[in-house]
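This report concerns only the one structure given below.
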Amino acid sequence: MIHRELTKYLEEWSRRDDRKPLVLRGARQVGKTTLVDDFGQQYDHYIKLNLELSDDAYIFSQTDNVNELFQYVCLQKKVSPDKSQRTLLFIDEIQNEPKAVALLRYFYEEMPWLHIIAAGSRLQTLLQQRVSFPVGRVEYLSLRPCSFLEFLEAMGEQALAEMVRARHVSPLYHEMLIALFNRYTLVGGMPEVVAHYANGRNTAQLSPLYKSLLEGYNEDVEKYAGSSKQTAVIRHILRHGWSAAGQTISFVRFGGSNYSSKEVHEAMDVLQRAFLLNLDYPLTAVRVPAVPALTRQPKLVWLDTGIMNFSVDIQTEYLQDKSLLDVWRGHAAEQVVAQELRVVLDRNYRSEQYYWVRDSKGSSAEVDFVWQRGTQIIPIEVKAGANSHLRALHSFMSHPDAPDVAVRVWPGSYSVDEVTTASGHAFKLINLPFYYVGQIDHILEDAM
């Protein structure tokens, strides 16, 4: 069993008096059902419905009375809960019965003592049916592939995980953690893959698992797509889009196709709602508010580095003891940093990830990522080498509204440099080892 960090959030949610039904979102096979099954063991009564099963879905077609519905479910499942006992009702694959979505509101209003979690791997299909979740009556939580901390714990490296979590890694353990982070980038974070690797530590045996995941996503396409043409475009992206991971893209002729910019963009929006990829747009300003330039090219970030490595056949590069910044010309490093930052965004109740480009004709300056902390936009570069080589970051920090701190993610040890730009702006450069990316919000809080 892989311990997931979101269990802590679920425990906090369950203790709140103002708790609402929780909608758990995430891509197929990221472990949503397993997470709730494990969490459900903390309750006096755990009742699970899977709306892919006709017997469970049938209930919601027969009544709008949630009290009557719940009583029927209890009789069917042979449980006898009451208000004095902690009871969790889990409605899995809720997208198969849109009426169940509407009833979440009435569960919240009429049975506030009942804890409810709903989940589904194709929740975005409800948008096609013009069904929306009850506004103000539910809350949301996203589950991603396993983070580096979860990977460490799955590997039995709890002591190292605690060092990273506490931001207190001795130089003695630095190379060990960098090696483990490189292995995490190779394997990825899909729970089944991580569990299999933890048991045998053999990457050669993982290929059938990656292939199965990709085939599953391809089989789901017809459930995502709105037309046969969109089905074809999505399948093209799933075949050829992995090679653009961590890079800025153009929708025109994407992946060597003849599909129009609009067709590719709409197909990617569908995959984004399915949590298989993200389109991260740039900022052109260095101060809040963070307003993305939606007319600029977005950066494509996929769900998982392990699937990416398998799809573009670069797994052997990791086994040659290269620096992560040298694997696949640095694209692998940008992909995995984006993957880790996505977990940090979720933790801070944010949904959008950005990078930065200089809004100047003829300029190619681009900072890999930015992080908003309060009223400041913090630049994040993924790069090794001397400070003088961080040209794009220096371009960002030369702006009059630039913050007084910047971040460089690299394979070196943690350190803080005092740097001055050519224009005379002094700032602190935090040199952040890859294994600390998932703690970047806490590290910035400590440093500022």
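One table, with the values for the structure above:
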quantity: Subset tally (residues that are under 24 Å from residue 323 (Cα atoms) and part of a helix (DSSP H, G or I)) for the stretch 175-199; calculated: 17
quantity: Residue that is nearest to residue 154 (Cα to Cα), among those in the stretch 36-49 that are open to solvent by 10 Å² or more (accessible area, probe 1.4 Å) and within 24 Å of the chain's Cα centre (by Cα); calculated: 38
quantity: Of the criteria (1) buried (at least 16 other Cβ atoms within 10 Å of the Cβ); (2) hydroxyl-bearing (Ser, Thr, Tyr); (3) in contact with a Ser or Thr (Cβ under 7 Å, 6 or more places away or on another chain), which one residue 423 fails; calculated: (1)
quantity: Flag if residue 61 is surrounded by fewer than 17 Cβ atoms within 10 Å (Cβ to Cβ), farther than 30 Å from residue 307 by Cβ and over 24 Å from the mean Cα position of the chain (by Cα); calculated: yes
quantity: Pairs, first touching a residue at least 24 places away in the same chain (Cβ under 8 Å) and within 13 Å of residue 118 (Cβ to Cβ) in the stretch 16-44, second small (Gly, Ala, Ser) and open to solvent by less than 10 Å² (accessible area, probe 1.4 Å), C-beta under 6 Å, six or more apart; calculated: 23/118; 24/119; 32/26; 32/119
quantity: Failed criterion for residue 121 (all others in (1) touching a Phe, Trp or Tyr at 6+ places or on another chain (Cβ under 6 Å); (2) within 20 Å of residue 27 (Cα to Cα); (3) buried (at least 22 other Cβ atoms within 10 Å of the Cβ) hold); calculated: (1)
quantity: Lone unmet requirement of (1) part of a loop (DSSP other than H, G, I, E, B); (2) open to solvent by 60 Å² or more (accessible area, probe 1.4 Å); (3) more than 19 Å from residue 296 (Cβ to Cβ); (4) not acidic (Asp, Glu) for residue 384; calculated: (2)
quantity: Matching residues in the stretch 387-409 - criterion: being open to solvent by 50 Å² or more (accessible area, probe 1.4 Å) and within 18 Å of residue 325 (Cβ to Cβ); calculated: 388, 389, 391
quantity: Residue match in the stretch 369-380 (condition: within 20 Å of residue 175 (Cβ to Cβ) and open to solvent by 20 Å² or more (accessible area, probe 1.4 Å)); calculated: no
quantity: Enumerated helices (runs of 4 or more DSSP H) restricted to the stretch 260-323, each holding at least 2 residues that are hydroxyl-bearing (Ser, Thr, Tyr); calculated: 305-312, 315-318
quantity: Check on residue 412, without any contact (Cβ under 8 Å) to a residue 40 or more places away in the chain, more than 24 Å from the chain's Cα centre (by Cα) and on the phi > 0 side of the Ramachandran plot; calculated: no
quantity: Selection from the stretch 209-259 of residues that are assigned to a loop (DSSP other than H, G, I, E, B) and either under 23 Å from the mean Cα position of the chain (by Cα) or under 17 Å from residue 311 (Cα atoms) (or both); calculated: 225, 245, 246, 249, 250, 251
quantity: Failed item, numbered, when residue 330 is tested on (1) in a helix (DSSP H, G or I); (2) more than 17 Å from residue 391 (Cα to Cα); (3) open to solvent by less than 60 Å² (accessible area, probe 1.4 Å); calculated: (2)
quantity: Qualifying positions in the stretch 402-434 - acidic (Asp, Glu) and either within 17 Å of residue 330 (Cα to Cα) or assigned to a loop (DSSP other than H, G, I, E, B) (or both); calculated: 404
quantity: Sole residue being touching a helix residue (DSSP H, G or I) at 6+ places or on another chain (Cβ under 9 Å), surrounded by fewer than 18 Cβ atoms within 10 Å (Cβ to Cβ) and hydrophobic (A, V, I, L, M, F, W, C), chosen from 447, 365; calculated: 365
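The values are calculated or read from the model by the stated rules, or taken from the named source; none is laboratory data. Computed from a prediction, not measured in an experiment: that's the story for all the values here. Note that we place each Cβ from the backbone using ideal geometry, even for glycine, and neighbour counts take in every protein chain shown. Surface accessibility is based on the protein's heavy atoms, side chains included, excluding ligands, DNA and RNA. Shrake-Rupley method; radii C 1.70, N 1.55, O 1.52, S 1.80 Å.
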